[in-house]
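**Q** Here's a structure for you.
The values are calculated or read from the model by the stated rules, or taken from the named source; none is laboratory data. All values reported here derive from a predicted model rather than from experimental measurement. Here the Cβ positions follow ideal geometry from the backbone for every residue, glycine too, while neighbour counts run over all protein chains shown.
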Protein chains: 2
Amino acid sequence: MYDVLIVGGGPAGCSAALTLRMRGKSVLMAYSDRGALEKAALVENYPGMPHISGRDMIDAIRAQARDLGVEIKESLVQRVLPMGDMFSAMLGNELAQARAVILATGIPRIALLPGEEKLVGMGVSYCATCDGMFYKGGNIAVIGAWNEAAEEANFLATLAHVTYYTEKPHETGTLKPEIDRSPLKPLGLTAEGGRILIETEAGSDAYDGVFILRPAMALSQLMPELETDEKGKIRTWDQYRTSLNNVMIAGDLQGPPYQIAKAVGDGNIAALQLIRQLDE
Amino acid sequence: MYDVLIVGGGPAGCSAALTLRMRGKSVLMAYSDRGALEKAALVENYPGMPHISGRDMIDAIRAQARDLGVEIKESLVQRVLPMGDMFSAMLGNELAQARAVILATGIPRIALLPGEEKLVGMGVSYCATCDGMFYKGGNIAVIGAWNEAAEEANFLATLAHVTYYTEKPHETGTLKPEIDRSPLKPLGLTAEGGRILIETEAGSDAYDGVFILRPAMALSQLMPELETDEKGKIRTWDQYRTSLNNVMIAGDLQGPPYQIAKAVGDGNIAALQLIRQLDE
C-alpha cells in the first residue's frame, strides 16, 4: 500500500513525486507512453537545465526521483478504482494500492472507437498479458497504436491467429510473418453472436476477441468516477482537486500552457495540497 | 527601452526571463538582495537539479538566463513608475525603461520605520550615490540593514560626518574609523526645523539627512500605484495580473507555497500571459 500513486512519468508527475518523498510519503509512479517532453528535440527555457533534449531531461529527472526513493514502473495503468478510503490500480497485470492518486498523464489524446467503451471485458481487451489466454486457438484482432503493440501482437500470435490493424501510424516491422495485416482503418466495433465485429470502409470482420493496444488509457476508462465537464475535461476545484477526495490532477492534463516549468510547479503544489489532506 | 523589466533575481524571475527570451522579448532583470533560495543549504525536490545548494542553483539559473540574452543588473530597484504605456525604473543611480514589469521580489519583508514614508525625499533617502552630495559637510545618519550599507556609509563619510545605526544585525567591521556608531535601535523618524530626528529608546538625535540602506524596497515604495488589500498584499486577478496593465507578480510574492518548483511555474505562466498582452 503506497501513500500516493502517480499516473504519468513526466515533469508534473516527477515534481509531485520528489516533493512527496521529501515529506516522507511512499510513492509509486507508473507511466507507459512517450510523453510530450520526450519528443522535444531541445528545451531552453526550463530553469537549471539549459540546452537539453527532452529525452535527457526526463531521464535525469526520473533518476533523481528514483534516487529519492520513488518506485517507478514502466507499465500501462489501465484502471484506478476508488475503494472507500483507498484506491486499487491495475498496472498491466499487477495490482497496486494507494491512499491517494495524482493524475499527471499529459494532454488527453485517446479517442475511443465508436462502440468500444461498452464492449470492454466482453470481447474487447486492453491487455494482452491479462486476457490473451482466453482466446487460445481462436481468431483475434489487434488494433495497434504504438510500437509496443507490435510486440504484444507477437505474444498473442503464440496463442491464436492474429490480424493486425493500425489505428495510428507506428513501427510494425517487427511483426511476426504469421500475423495477417489489414490495411484497413478500424472505424468502430460492434458485437454479434458472441463475436466482435471490426467495421472498416470495406465492411466488417468478425473476431473472437479484439485487443486494442494504445500507449495510454482514455481518462473516461482510467477513472470514470471523476466528474467531467460537457467537453470531457476533468472538473477541478482550486486548480488541482477533483470531484474525488485525494485525487488530484497536475500538468498538461489541467490545460495550457503546456510548459515544463508550469508542469513542475503544478506537481509541486498538487503534492503539497495532497500532503496536507493525507496528514489531516 | 526593454520589453520587460523583472524586479527580482530568484527562480520566479529567472523562469519568466527565460520564457520571455525564448519568445524574443528583451529583458532587464534587476535584483539586489540575497533571496530565500540563496540561503538554502540543500535543495532536493527541484526536478532536474538534485542535491544542490541554493547558491549553486541560482548561479546556474542566472548563467542560463544570461546566456539566453537576459540583461542582469545587481542593483537595488528603488522605484518603478508607471508612465502611460511604459514604465520608468530607478536602479540605483540609473534610469531604465520598459513596456512591462514582472515583480518577483520574494516574500515582502521590509517593514518601514514609523514616520519614514512621508519623509522620503525630504531628508530621508535610500540612495547614497544619488543624494549624498546634497549633504556635503553636514551631519548625517545611516540606518543600515545589510552588509553593503557599511560600504555606502564609507562613501558618505567622504562627504559628511556620519553616524551609523544598525536596523538589522549585519557585518559592520569594514566601517571607517571616523564613522560614529550608535548602539541604539532606530524606532521612528520625525522632522523638526528642517532636520530629521531619529527616535530611539534614549531620546532623539537630529541630522541634516538620514540614509536608510536596506537590501530591498518595501513594495509600497517600489510601486505605490499597485492596488493592495487591507493587509498590504498586492491584489491579483487570474493569479498573476495586478491592478496595473502589464504589471504581473510571480513567485513567493504571491503567497505560499514558498517552493522553487512553484516559483518557476509562476514565472513561466506570468511571462506567457504577459507575452500575449504585449503582442495584442
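**Q** Report yes if B:I72 is in contact with a Gly (Cβ under 8 Å, 6 or more places away or on another chain) and aliphatic (A, V, I, L, M), otherwise no.
**A** Values: in contact with a Gly (Cβ under 8 Å, 6 or more places away or on another chain): yes; aliphatic (A, V, I, L, M): yes.
In short, yes.
**Q** For residues that are under 19 Å from A:Q277 (Cα atoms), crowded, with 24+ Cβ neighbours inside 10 Å, of a type outside the set (S, T, N, Q) and touching a Leu at 6+ places or on another chain (Cβ under 7 Å), tally how many sit in region A:8-21.
**A** 1
**Q** For B:Y240, state whether it is closer than 16 Å to B:T105 by Cα and surrounded by fewer than 16 Cβ atoms within 10 Å (Cβ to Cβ). Please lay out each step first, then the result.
**A** Numbers: closer than 16 Å to B:T105 by Cα: yes; surrounded by fewer than 16 Cβ atoms within 10 Å (Cβ to Cβ): no.
No, not satisfied.
**Q** Kindly establish whether B:P224 is more than 14 Å from every other protein chain (Cβ to nearest Cβ), without any contact (Cβ under 8 Å) to a residue 40 or more places away in the chain and not acidic (D, E). Steps first, please.
**A** Values: more than 14 Å from every other protein chain (Cβ to nearest Cβ): yes; without any contact (Cβ under 8 Å) to a residue 40 or more places away in the chain: yes; not acidic (D, E): yes.
Here the answer is yes, as B:P224 does meet what is asked.
**Q** Do the conditions hold for A:D3, that is, is it crowded, with 16+ Cβ neighbours inside 10 Å, more than 14 Å from chain B (Cβ to nearest Cβ) and part of a loop (DSSP other than H, G, I, E, B)?
**A** On the way: crowded, with 16+ Cβ neighbours inside 10 Å: yes; more than 14 Å from chain B (Cβ to nearest Cβ): yes; part of a loop (DSSP other than H, G, I, E, B): no.
So A:D3 fails the test.
**Q** Oh, and also: Quick check on region B:36-50. Is at least one of its residues away from chain A (no Cβ under 11 Å), closer than 23 Å to B:Y240 by Cα and within 13 Å of the chain's Cα centre (by Cα)?
**A** Checked against the condition, which is being away from chain A (no Cβ under 11 Å), closer than 23 Å to B:Y240 by Cα and within 13 Å of the chain's Cα centre (by Cα), region B:36-50 yields no hits at all.
**Q** Kindly provide the set of residues from region A:95-113 that are modelled with pLDDT of 90 or more and exposed (fewer than 14 other Cβ atoms within 10 Å of the Cβ), ordered by number.
**A** A:L95, the sole residue that qualifies.
**Q** Another question about this same structure. For A:I249, indicate whether it is away from chain B (no Cβ under 14 Å), in contact (Cβ under 8 Å) with a residue 12 or more places away in the chain and crowded, with 24+ Cβ neighbours inside 10 Å. It would help to see each step written out before you state the result.
**A** Details: away from chain B (no Cβ under 14 Å): yes; in contact (Cβ under 8 Å) with a residue 12 or more places away in the chain: yes; crowded, with 24+ Cβ neighbours inside 10 Å: yes.
When the stated conditions are applied, A:I249 passes them.
**Q** So, one more: Is it fair to say B:Y258 is within 14 Å of chain A (Cβ to nearest Cβ) and touching a residue at least 40 places away in the same chain (Cβ under 8 Å)? Lay out the reasoning, then the answer.
**A** Details: within 14 Å of chain A (Cβ to nearest Cβ): yes; touching a residue at least 40 places away in the same chain (Cβ under 8 Å): yes.
Here the answer is yes, as B:Y258 does meet what is asked.
**Q** Looking only at region B:249-273, which residues are aliphatic (A, V, I, L, M) and more than 16 Å from the chain's Cα centre (by Cα)? Spell out the reasoning first.
**A** Of the residues in region B:249-273, the ones aliphatic (A, V, I, L, M) are B:249-250, B:253, B:260-261, B:263-264, B:269-272.
Selection gives B:I260, B:A261, B:A263, B:V264, B:I269, B:A270, B:A271, B:L272.
**Q** Name the residues in region B:254-280 that are crowded, with 24+ Cβ neighbours inside 10 Å, of a type outside the set (G, A, S) and in contact with a strand residue (DSSP E or B) (Cβ under 7 Å, 6 or more places away or on another chain), would you?
**A** If the condition is that a residue be crowded, with 24+ Cβ neighbours inside 10 Å, of a type outside the set (G, A, S) and in contact with a strand residue (DSSP E or B) (Cβ under 7 Å, 6 or more places away or on another chain), then B:I260, B:L274 are the ones that fit.
**Q** Does A:S204 meet the test of being farther than 30 Å from A:Y31 by Cβ, among the hydroxyl-bearing types (S, T, Y) and at pLDDT 90 or above? Don't jump to the end; show me each part of the working.
**A** Numbers: farther than 30 Å from A:Y31 by Cβ: yes; among the hydroxyl-bearing types (S, T, Y): yes; at pLDDT 90 or above: yes.
Yes; evaluated as a whole, the condition is true for this residue.
**Q** Restricted to region B:57-71, and to residues that are in contact with a Cys (Cβ under 9 Å, 6 or more places away or on another chain) and either small (G, A, S) or more than 8 Å from chain A (Cβ to nearest Cβ) (or both), which residue is surrounded by the most Cβ atoms within 10 Å (Cβ to Cβ)? Spell out how you get there, then give the answer.
**A** Step one: list which residues in region B:57-71 are in contact with a Cys (Cβ under 9 Å, 6 or more places away or on another chain), which gives B:58, B:61-62, B:64-65, B:70.
Next, only the ones that are either small (G, A, S) or more than 8 Å from chain A (Cβ to nearest Cβ) (or both) stay: B:58, B:62, B:65, B:70.
Working: B:I58: 25, B:R62: 21, B:A65: 27, B:V70: 24.
Per the criteria, the residue is B:A65.
**Q** Go through (1) crowded, with 20+ Cβ neighbours inside 10 Å; (2) closer than 13 Å to A:R214 by Cα; (3) not basic (K, R) one by one and return the number of the condition A:P186 breaks.
**A** (2)
**Q** Here's a check for you: in region A:27-56, which residue that is in a loop (DSSP other than H, G, I, E, B) and of a type in the set (G, A, S) is surrounded by the fewest Cβ atoms within 10 Å (Cβ to Cβ)?
**A** At the first step, the residues of region A:27-56 found to be in a loop (DSSP other than H, G, I, E, B) are A:32-36, A:40-42, A:44-51, A:53.
Restricting the remaining residues to those that are of a type in the set (G, A, S) gives A:32, A:35-36, A:40-41, A:48, A:53.
Working: A:S32: 23, A:G35: 26, A:A36: 18, A:A40: 16, A:A41: 7, A:G48: 22, A:S53: 15.
By that ranking, first place goes to A:A41.
**Q** Could you list all residues from region B:71-97 that are part of a strand (DSSP E or B) and among the polar types (S, T, N, Q)?
**A** Filtering region B:71-97 down to residues part of a strand (DSSP E or B) leaves B:71-74, B:77-83, B:86-91, B:94-97.
Once the filter is applied, which keeps residues that are part of a strand (DSSP E or B) and among the polar types (S, T, N, Q), region B:71-97 yields B:Q78, B:S88, B:Q97.
**Q** Anything in region B:189-199 that is among the β-branched types (V, I, T) and buried (at least 16 other Cβ atoms within 10 Å of the Cβ)? List them, or say none. Show your work before the answer.
**A** At the first step, the residues of region B:189-199 found to be among the β-branched types (V, I, T) are B:190, B:196, B:198.
Scanning region B:189-199 gives B:I196, B:I198.
**Q** Among the residues that make up region A:232-243, is at least one of them within 14 Å of chain B (Cβ to nearest Cβ), closer than 30 Å to B:A263 by Cβ and not polar (S, T, N, Q)?
**A** Yes; the residues of region A:232-243 include at least one that is within 14 Å of chain B (Cβ to nearest Cβ), closer than 30 Å to B:A263 by Cβ and not polar (S, T, N, Q).
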